[in-house]
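Engineer: The following block contains the structure, expressed as structure tokens.
The values are calculated or read from the model by the stated rules, or taken from the named source; none is laboratory data. These numbers come from a predicted model, not from an experiment. In this analysis, Cβ positions are derived from the backbone assuming ideal geometry, glycine residues included, and neighbour counts consider all displayed protein chains. Heavy atoms of the whole protein, side chains included, go into the accessibility calculation; ligands, DNA and RNA do not. Shrake-Rupley method; radii C 1.70, N 1.55, O 1.52, S 1.80 Å.
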Amino acid sequence: MEKFGKSQAVKRTEDIRFLTGEGRYVDDITPENALFGYVLRSSAAHGDIAELNVDDAREADGVHLVLTADDLLADGNVLPMAASLLKNRDGESSAAPERPLLAQGRVRFVGEPIAMIFAETLQQAKDAAELVELDIDDLPVHLELGTGGDAIHAEAPDNRAFDWGLGNEDAFTEAFANAAHKVTCEIEDNRVIVNSMEPRGCYAEWDDGRVHVAINGQGVWAPKGQIAKHMGLDPENVRVTNPDTGGGFGMKAMMYPEYAICGMAARKLGQPVRWMSERTEAMLSDNAGRDLVSHVEMGFDADHKLVAYKVHSVANMGAYNSQFAQPIQTVLFSKVLTGCYDVQAVYLHVEGVYTNTTQVDAYRGAGRPEAIYVLERSMDYAARALGADPWELRRRNFIAPDNFPYATASGVTYDIGDFNRVLTVAQSKSDHAGYASRRNASAAKGMLRGMGICYYIESILGDPSETSKVVFFEEEGRVSIYVGTQSNGQGHETVYAQFLSDQTGIPVDRIDVIQGDSDRIATGGGTGGSRSVTVQNTATLASVEKMIAQFTPFLAEKMGVSEEEVMFDDEAFRSDGSNLSFTMIEAAELAKTEGQEELLTSEARITLSAQSFPNGAHLAEVEIDPETGVVTVDRYTVVDDFGNLINPMLVAGQVHGGIAQGLGQALTERAVFDEDGQLLTASFMDYAMPRADDVPMISFSTEAVPTSTNPMGMKGCGEAGTVGSMAAIANAVQDAVAPLGIDRVDMPFTPHRMWQILNAQRIAAE
């Protein structure tokens, strides 16, 4: 039997159905008689709704229902959406404006939903939307990444969402004042749009006082609770399911208006309804990511040891607070505030600002990439300012292996790490010794070449608790494992089935992974923060232990030995005192035959006591054509410490995909708004996603330093590629242009932007 838990690469079993068109995505499995929903969205970034008349739309061909905010309220629904808030530095609560499911009297971003129309065909719903009489009186637009200007919300007259701090500002001030070397820099992090392969969608049906809403999200329990609140239902009367999902990236983890509205429409009509976002609609209405400017101050002693570190970030919160909007730029940011570096005097100050842009929220591992990008860009800037080698500056400031466990100044405790070892392996695998020769070869062709480093660390976040339930023979000869996470393309079905097979000897082709159904699975933390495999498989281990404990006394009697003499060796129950042995399947079959049904189910819930901290080194080499401004990522090396691996093939896929994401933000992606708040990059004609020829061959390897925070020694890997790649590529671009006297470049490094920078420098030098 293959021992999957011993880091064997196993191909994804779910890919067969995906590649043969058998995937069960939400738009593929809607009820046959479901009406089509279409959302009428605001074309203005900010304004008062002077007129909203939907009478003609209601009379249009094929239309069964038109809903506005007034209609939802008249039916007894609750409009305000959930939001997460912070305490400001002064102890007062941050701003708490309410976001309605449908606009009430005022719109605050282009794409905000105003009405939803349900008709027999999608085209009929769209045609009816054209009949809506809508008049919006424009109000001043606030797009600047700063406070002040005309207020978007009365609750935030200066447009400040929050003003949050972490660390010891006085200690920083003293250490910085006494530092032998002081370095300051400003770093921009550009706004990016989600663009998951499958846009958001849902369907809803009402039956005998219960609503069922199917969404393509990252878990079902948070939407279940919020839909119950919006519809005024007991949570027991709400079922949320999550079928196959084509990408999530954090964006699909939270609630959106359409899900609850579809539930309300199904109840009102007594007929199923469906809704699927189109690409431009998604670009306007999905939660976006990044978009902040950080001012960094760093103090070093005479030996270039970092003694003081301060970051003041201003983050674009968009038009509203959402389920995670405020904390994502603060609490998560703080988890990796100083990365892998041994520094005591730190202070983080984050200000959230409301703007008339699409709501901003957690996406693509938001919080960690931003923090590492700021830190690793500033470390490279410091190396240039100090005349220090960027490799050695990092090594000098690493937390030493014998200092673990290490309590960071931001209140997080790292359990273990060997950062210098990982960086040394990466330096060797990247052929750092041959870099000078490659740079000279590029120069001979008239090209600029640069190498960039990023040493990242991230924390595995999200709910530390999870449940696993294993049930024998719900279907003839099959074993079901119920999980509380939700695959968005990561290969969970393969990982969970193979892990259970490895621990129990149950043939993997007899195991079914059940996920994403709030009726069948009572609790779950969903997917996000790279938590899934680590937390879920720890729960599976606990279920297996319970399973063994349940079967042991039953089998001991059959084997004629005491319970203490029965052992399970991952394949079968055995005893030195008996010639009988039973596989797990045989034990379950015997229990079923004898009517011992209680032995066929084992369920356990665990809570991890601490987080784990994957980390690693990303090394990028770029070549820039000064005549065209084209930046090519020529070489890419990454060495990660993910602790012990379960399936290296899936890990490599996660890392490759994450690097491609980071590369996209670094080289091509950027959300652009005009002065009226109109999104100018609202299609793939204008928003430049990375293509295959943008992505280099990637050298990927791991250097495991197993964690002690879970029994398998695993650290998560889902977001690691993105966390490290943005800064590595940006530092490589900066390294390439630094000899020309250019001391600042910001993402994205598009050909036009780079040509402008290089051309301006050439003219200034003449």
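Engineer: For segment 579-609, give me the residue count where each residue is part of a loop (DSSP other than H, G, I, E, B), at pLDDT below 95 and hydroxyl-bearing (Ser, Thr, Tyr).
Structural biologist: 1
Engineer: Given the criteria open to solvent by 40 Å² or more (accessible area, probe 1.4 Å), at pLDDT below 95 and of a type in the set (S, T, N, Q), does Gln486 qualify? Even if it seems obvious, please write down each step before you answer.
Structural biologist: Values: open to solvent by 40 Å² or more (accessible area, probe 1.4 Å): no; at pLDDT below 95: yes; of a type in the set (S, T, N, Q): yes.
So Gln486 does not fit the description; no.
Engineer: Could you tell me how many of the residues in segment 179-200 are open to solvent by 20 Å² or more (accessible area, probe 1.4 Å), over 30 Å from Met255 (Cβ atoms) and touching a Gly at 6+ places or on another chain (Cβ under 6 Å)?
Structural biologist: 1
Engineer: Run down Gly434, Gly452 and say which single residue is more than 30 Å from Gly484 (Cα to Cα), of a type in the set (Gly, Ala, Ser) and in a strand (DSSP E or B).
Structural biologist: Details: Gly434 fails: in a strand (DSSP E or B).
Going through Gly434, Gly452 in turn, just one is more than 30 Å from Gly484 (Cα to Cα), of a type in the set (Gly, Ala, Ser) and in a strand (DSSP E or B): Gly452.
Engineer: Would a scan of segment 662-675 turn up a residue that is under 23 Å from Met754 (Cα atoms), in contact with a strand residue (DSSP E or B) (Cβ under 8 Å, 6 or more places away or on another chain), of a type in the set (A, V, I, L, M) and not in a loop (DSSP other than H, G, I, E, B)? Talk me through it step by step, then tell me what you get.
Structural biologist: Narrowing segment 662-675 to residues under 23 Å from Met754 (Cα atoms): 662-674.
Subset that is in contact with a strand residue (DSSP E or B) (Cβ under 8 Å, 6 or more places away or on another chain): 663-665, 667, 669-673.
Next, only the ones that are of a type in the set (A, V, I, L, M) stay: 663, 667, 671-672.
Now narrow it down to the ones that are not in a loop (DSSP other than H, G, I, E, B): 663, 667.
Looking for residues that are under 23 Å from Met754 (Cα atoms), in contact with a strand residue (DSSP E or B) (Cβ under 8 Å, 6 or more places away or on another chain), of a type in the set (A, V, I, L, M) and not in a loop (DSSP other than H, G, I, E, B), one finds at least one in segment 662-675, hence yes.
Engineer: For a quick check of your reading of the model, give me the residue pairs whose first member lies in segment 607-618 and is within 10 Å of Thr709 (Cα to Cα) and open to solvent by less than 10 Å² (accessible area, probe 1.4 Å), whose second is assigned to a strand (DSSP E or B) and not hydroxyl-bearing (Ser, Thr, Tyr), with beta-carbon atoms closer than 9 Å and at least 6 apart or on different chains.
Structural biologist: Ser612/Gly643; Ser612/Met714; Phe613/Ile457; Phe613/Asp641
Engineer: Output the residues belonging to segment 668-695 that are under 20 Å from Val723 (Cα atoms) and open to solvent by less than 10 Å² (accessible area, probe 1.4 Å).
Structural biologist: The one that is under 20 Å from Val723 (Cα atoms) and open to solvent by less than 10 Å² (accessible area, probe 1.4 Å): Glu669.
Engineer: Check whether at least one residue in segment 429-450 is open to solvent by less than 40 Å² (accessible area, probe 1.4 Å), over 30 Å from Thr628 (Cβ atoms) and touching a strand residue (DSSP E or B) at 6+ places or on another chain (Cβ under 6 Å), and report yes or no.
Structural biologist: Taking every residue of segment 429-450 in turn, none turns out to be open to solvent by less than 40 Å² (accessible area, probe 1.4 Å), over 30 Å from Thr628 (Cβ atoms) and touching a strand residue (DSSP E or B) at 6+ places or on another chain (Cβ under 6 Å).
Engineer: Assess whether Glu188 counts as being touching a Cys at 6+ places or on another chain (Cβ under 8 Å) and outside any loop (DSSP other than H, G, I, E, B).
Structural biologist: no
Engineer: Then there is this: Would you mind finding the one in Glu586, Glu565, Glu603 that is open to solvent by 50 Å² or more (accessible area, probe 1.4 Å), at negative phi and under 36 Å from the mean Cα position of the chain (by Cα)?
Structural biologist: Working: Glu586 fails: under 36 Å from the mean Cα position of the chain (by Cα); Glu565 fails: under 36 Å from the mean Cα position of the chain (by Cα).
Matching residue, one of Glu586, Glu565, Glu603: Glu603.
Engineer: Which of (1) in contact with a strand residue (DSSP E or B) (Cβ under 6 Å, 6 or more places away or on another chain); (2) surrounded by fewer than 17 Cβ atoms within 10 Å (Cβ to Cβ) does Gly165 not meet, given it meets every other one?
Structural biologist: (2)
Engineer: Identify, please: which residue in segment 301-315 is surrounded by 24 or more Cβ atoms within 10 Å (Cβ to Cβ) and not β-branched (Val, Ile, Thr) and is, among those, nearest to Pro100 (Cα to Cα)?
Structural biologist: Looking at residues that are surrounded by 24 or more Cβ atoms within 10 Å (Cβ to Cβ) and not β-branched (Val, Ile, Thr), I get Ala315.
Engineer: Take the residues of segment 287-300 that are open to solvent by 10 Å² or more (accessible area, probe 1.4 Å) and not β-branched (Val, Ile, Thr): which is modelled with the lowest pLDDT? Show your work before the answer.
Structural biologist: Taking segment 287-300 as the starting set, the residues that turn out to be open to solvent by 10 Å² or more (accessible area, probe 1.4 Å) are 291, 293, 295, 297.
Right, trim to not β-branched (Val, Ile, Thr) and you get 291, 295, 297.
Working: Asp291: 91, His295: 97, Glu297: 98.
Among them, the one singled out is Asp291.
Engineer: Do we have Val723 as closer than 21 Å to Glu186 by Cα and at pLDDT below 95 here?
Structural biologist: Yes, satisfied.
Engineer: If you go through segment 723-745, how many residues are part of a helix (DSSP H, G or I) and within 29 Å of the chain's Cα centre (by Cα)?
Structural biologist: Step one: of segment 723-745, the residues part of a helix (DSSP H, G or I) are 723-740.
Next cut, within 29 Å of the chain's Cα centre (by Cα) only: 723-734.
Here the count works out to 12.
Engineer: Which of the residues spanning segment 46-86 are without any contact (Cβ under 8 Å) to a residue 24 or more places away in the chain and within 30 Å of Gly165 (Cβ to Cβ)?
Structural biologist: Once the filter is applied, which keeps residues that are without any contact (Cβ under 8 Å) to a residue 24 or more places away in the chain and within 30 Å of Gly165 (Cβ to Cβ), segment 46-86 yields only Pro80.
Engineer: Among the residues of segment 122-137 satisfying the criterion of being surrounded by fewer than 14 Cβ atoms within 10 Å (Cβ to Cβ) and touching an Asp or Glu at 6+ places or on another chain (Cβ under 8 Å), which is nearest to Pro157 (Cα to Cα)?
Structural biologist: Once the filter is applied, the top-ranked residue is Asp137.
Engineer: Can you list the helices (runs of 4 or more DSSP H) lying wholly within segment 312-413 that have 3 or more residues being of a type outside the set (Lys, Arg) and modelled with pLDDT of 90 or more?
Structural biologist: 368-386, 390-397
Engineer: Turning to a different aspect of this structure: Filter segment 619-640 for residues that are out of contact with any Asp or Glu (no Cβ under 6 Å at 6 or more places or on another chain), among the hydrophobic types (A, V, I, L, M, F, W, C) and not in a loop (DSSP other than H, G, I, E, B); which is surrounded by the most Cβ atoms within 10 Å (Cβ to Cβ)? I'd like the intermediate steps shown before the answer.
Structural biologist: Within segment 619-640, the first condition is being out of contact with any Asp or Glu (no Cβ under 6 Å at 6 or more places or on another chain), and the residues that meet it are 619-620, 622, 624-631, 633, 636-638, 640.
With the extra rule that they be among the hydrophobic types (A, V, I, L, M, F, W, C), the set shrinks to 619-620, 622, 624, 630-631, 633, 638.
Add one more test, that the residue is not in a loop (DSSP other than H, G, I, E, B), and what stays is 619-620, 622, 624, 631, 633, 638.
Numbers: Leu619: 28, Ala620: 32, Val622: 30, Ile624: 24, Val631: 27, Val633: 25, Val638: 29.
Out of the qualifying residues, it is Ala620.
Engineer: What's the number of the only condition in (1) in a loop (DSSP other than H, G, I, E, B); (2) open to solvent by less than 40 Å² (accessible area, probe 1.4 Å); (3) not hydroxyl-bearing (Ser, Thr, Tyr) that Asp576 fails to meet?
Structural biologist: (2)
Engineer: If Glu474 passes every condition in (1) farther than 19 Å from Leu599 by Cα; (2) free of Cβ contacts under 8 Å to residues at least 24 places away in the same chain; (3) open to solvent by 40 Å² or more (accessible area, probe 1.4 Å) but one, which one does it miss?
Structural biologist: It is condition (1) that Glu474 fails.
Engineer: Among the residues of segment 70-87, are any modelled with pLDDT of 95 or more and within 30 Å of Gly653 (Cα to Cα)? Give the derivation first.
Structural biologist: Filtering segment 70-87 for residues modelled with pLDDT of 95 or more gives 70-81.
Narrowing further to those that are within 30 Å of Gly653 (Cα to Cα): none.
Within segment 70-87, none of the residues are modelled with pLDDT of 95 or more and within 30 Å of Gly653 (Cα to Cα).
Engineer: Of the residues Ala74, Ala82, Ala60, which is closer than 21 Å to Asn356 by Cα and either open to solvent by 70 Å² or more (accessible area, probe 1.4 Å) or small (Gly, Ala, Ser) (or both)? First the steps, then the outcome.
Structural biologist: Numbers: Ala74 fails: closer than 21 Å to Asn356 by Cα; Ala60 fails: closer than 21 Å to Asn356 by Cα.
After applying the criteria, what remains is Ala82.
Engineer: Follow-up question, since we're still on this one. Scan segment 202-220 for residues that are in contact with a Lys or Arg (Cβ under 7 Å, 6 or more places away or on another chain), at pLDDT 95 or above and not polar (S, T, N, Q) and report the count. Explain how you work it out, then say what you get.
Structural biologist: Of the residues in segment 202-220, the ones in contact with a Lys or Arg (Cβ under 7 Å, 6 or more places away or on another chain) are 203, 206, 210-212, 216-218.
Right, trim to at pLDDT 95 or above and you get 203, 206, 210-212, 216.
After this cut, where a residue has to be not polar (S, T, N, Q) as well, the list is 203, 206, 210-212.
Qualifying residue count for the region: 5.
Engineer: Does at least one position in segment 749-756 carry a residue that is basic (Lys, Arg), touching a residue at least 12 places away in the same chain (Cβ under 8 Å) and part of a helix (DSSP H, G or I)?
Structural biologist: Going through segment 749-756, the residues basic (Lys, Arg) turn out to be 753.
From what's left, touching a residue at least 12 places away in the same chain (Cβ under 8 Å): 753.
Subset that is part of a helix (DSSP H, G or I): 753.
Checked against the condition, which is being basic (Lys, Arg), touching a residue at least 12 places away in the same chain (Cβ under 8 Å) and part of a helix (DSSP H, G or I), segment 749-756 yields at least one hit.
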